[in-house]
Every structure is written in structure tokens, then in C-alpha cells.
1. I'd like the residue in segment 136-148 that is modelled with pLDDT under 90 and closer than 22 Å to residue 236 by Cβ and, out of all such residues, is surrounded by the fewest Cβ atoms within 10 Å (Cβ to Cβ).
2. I'd like to know if segment 107-115 contains one or more residues that are under 27 Å from residue 52 (Cα atoms) and either surrounded by fewer than 17 Cβ atoms within 10 Å (Cβ to Cβ) or at pLDDT 95 or above (or both).
3. Please work out which residue is surrounded by the most Cβ atoms within 10 Å (Cβ to Cβ), limiting yourself to segment 10-29 and to residues that are at pLDDT 95 or above and within 17 Å of the chain's Cα centre (by Cα).
4. Which of the residues that make up segment 94-121 are in a loop (DSSP other than H, G, I, E, B) and more than 23 Å from the chain's Cα centre (by Cα)?
5. For segment 186-199, does any single residue satisfy the condition of being buried (at least 16 other Cβ atoms within 10 Å of the Cβ), assigned to a loop (DSSP other than H, G, I, E, B) and in contact (Cβ under 8 Å) with a residue 60 or more places away in the chain?
6. Is there a residue in segment 91-101 that is crowded, with 22+ Cβ neighbours inside 10 Å and either modelled with pLDDT of 95 or more or closer than 29 Å to residue 14 by Cα (or both)?
7. Among the helices (runs of 4 or more DSSP H) lying completely within segment 224-336, list those that include at least 1 residues that are out of contact with any helix residue (DSSP H, G or I) (no Cβ under 6 Å at 6 or more places or on another chain) and under 16 Å from residue 207 (Cα atoms).
8. Looking only at segment 337-365, which residues are in a loop (DSSP other than H, G, I, E, B), touching a strand residue (DSSP E or B) at 6+ places or on another chain (Cβ under 7 Å) and touching a residue at least 40 places away in the same chain (Cβ under 8 Å)?
């Protein structure tokens, strides 16, 4: 009998996304940018301002974890929020965030203008220049990623006002969301055109759905993400939705919006979540579920970490359509030995015997 073929991380993930049988459960890492700065032995501000250093460090991280798919990239913090007028923090050794929102009143929402091109705005213009530089250096980003329209709206208006006026002044919130959706689509398209007209994956991070009851998700979230996916799907192999917040109240709907993958960590009971997705008419690939902070970073007992990982592999792996990952990015300070543990446990517990059955840890591979 010929030896079993070992797939590379990208092929393994693509097979899982297609609900085919890979050799084993894929592993995906999204390292946070402060973790990458530490890996480069630099302060965060210096790291983010050095494109060559980001590219070099990303390649080293991929070499360090060559058995996982490592989603490393160049980062321009909160670029689209800055493009629409938000003022950002400038810390030396933390990832910047929004310091001052861009819009203070409903009247300013009415007056908000969508830029003709994102090349000419602060934040996004700088980011596109960095991507262009990386192309000239010979490293082509495989995918694109940014905040979604609802998260962008909450950033520039303030989460408190956004959620309050969603209930009290829904018309003005829809106006804001229409403009933010247009901005996100414009930026993603210009970015994708820059890297050759096609992105392997388009990641959309939008956590606000976790703060909404289902009826508000249906009115203020789903339509704009559906529009986003419809506009961008022809330019990518997979639309990828990310949220670390509560998601069990809309888990059934993610595929209907147009997403092929969902990355998160609050899906509800494991087996129930797996069955809901597998039985959905528009099923999608689940990614994540290992809590990044509470388990991978803060849990003192390696045996507890191990059991969390094994539970996810053995629950979600059968039937394919699952990628093992932390529920969010890999947090700063996470021991690399625990990332190695994730990879090694997929080799021990996550090898496919049939599409719907995994080999036991002590069972000889055929």
C-alpha cells in the first residue's frame, strides 16, 4: 500500500473548505501584531512603521510554524476609520486604536462624503502604498482583510451612539451603514486590483453582531454584509467572516450572507454548533473555537489546554468543514509551545480515516 500523501497547509485548508477529506484537520494561525513585534524583538510602533521588517518577520513566522497556515500580513491600524476622520492613538508598544470618533451627531452622518478613491485618504492611502511596496519587493499578499461596515460605523460614530440610535433613530443608522458599506467595498476592490485582481481570501472582521439581538442583526447587519459579499465574491476564493463575540443567535445565517468561512469562539455547545452548520442549506467552514486569551494565553495547566484542543478536533473534524485555530488572533505572550501543541495534536487525533471518521490516537494509519 502506498504511503498516505501529506498535504501542505494551504491544500489541507482548501480541502476542508470544500468538505472533502484532507489528510488531517488543518491549523490556521492569525498572529496579533504586538506578538509579531515581540517576535521581531521590536516595539510595536517601530514594527508597524517598518514594512521590510513586517515582511521579514512574517516569513520567519511561517517558517517557524510550517505545518500551519499562517495568515501574516502588513498592517496599518484602523486605516478605514482614519480615512473617514477618526483620530488614532500613537502608543510606543501597543497596537493603536481609535482615540477620537469622526462623527458626533446625526447631522454629520448626513454630511459624510464617501471618498472617490481610498488612495487619497489618510490610513488607507498609506496601507495601499505599503502593499504596493511589498509587491515591488517580491512578496504578494494572498488575501485582503479589514473591518466590516457595521464595525466601521460603530468606530466612527461610537459604539454607544450607534447601538442607541439603532433603536431610536434607525433611519440615520441605515444612512451611515450605506455609506460605510460603500467605503469598505471601494477599499477592498482597490486593494484587490492592486494585487492582481484576485484575493485568495477576503477577511471581514465585524464584532458588532455579538452586541445585537437577532432582530437587529436581521435589519442592521445581515443586509450590508450580504451586499458586501455580493460585490466582492467574484474577486475571491472565499469570503471569510470573523467575530470573537457571541454568535449562536445567527450562526445558521452566515452562509446565507455569502460567507464561506466563519472564524470565532462563541458558537454555543460544540456538537450542536457542528450539526447546525452541517445541516444548513448554505453550510460554511468553521474556524477557531479555542479561546485565545482564557485558554491559550492564561490557562496555567497545559493538560487543560490539551483537552480543549482535542475536544475541538474530535467534535468538529469528522465530516470536514473545520479548521483548528484560536478563536481570535494569537495573543501577545501566548507560549509558542502551545501553538506547536495544536499542530501536534492534529497529527495525533485529527487524521482522517474516512471523511466522517478520524483515526484514534493509538490506531495505525492505513
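1. Step one: list which residues in segment 136-148 are modelled with pLDDT under 90, which gives 136-143.
Narrowing the set further to residues that are closer than 22 Å to residue 236 by Cβ leaves 139-143.
Working: 139: 17, 140: 10, 141: 22, 142: 14, 143: 19.
Per the stated criteria, the residue is 140.
2. Start the filter on segment 107-115 by keeping residues that are under 27 Å from residue 52 (Cα atoms), which leaves none.
No, because not a single residue in segment 107-115 is under 27 Å from residue 52 (Cα atoms) and either surrounded by fewer than 17 Cβ atoms within 10 Å (Cβ to Cβ) or at pLDDT 95 or above (or both).
3. Going through the qualifying residues, I end up with 26.
4. The initial filter retains those residues of segment 94-121 that are in a loop (DSSP other than H, G, I, E, B), namely 94-97, 101-105, 112-117, 121.
Those that are in a loop (DSSP other than H, G, I, E, B) and more than 23 Å from the chain's Cα centre (by Cα): 101, 102, 103, 104, 105, 112, 113, 114, 115, 116, 117, 121.
5. Yes.
6. Here is the first cut: in segment 91-101, the residues crowded, with 22+ Cβ neighbours inside 10 Å are none.
No, segment 91-101 has no match at all.
7. Numbers: elements: 254-257, 270-279, 302-316.
Output list reads 254-257.
8. Correct list: 350, 365.
The values are calculated or read from the model by the stated rules, or taken from the named source; none is laboratory data. Just so you know, these numbers come straight off a predicted model, no measurement behind them. We place every Cβ from the backbone using ideal geometry, glycine too, and count neighbours over all the protein chains shown.
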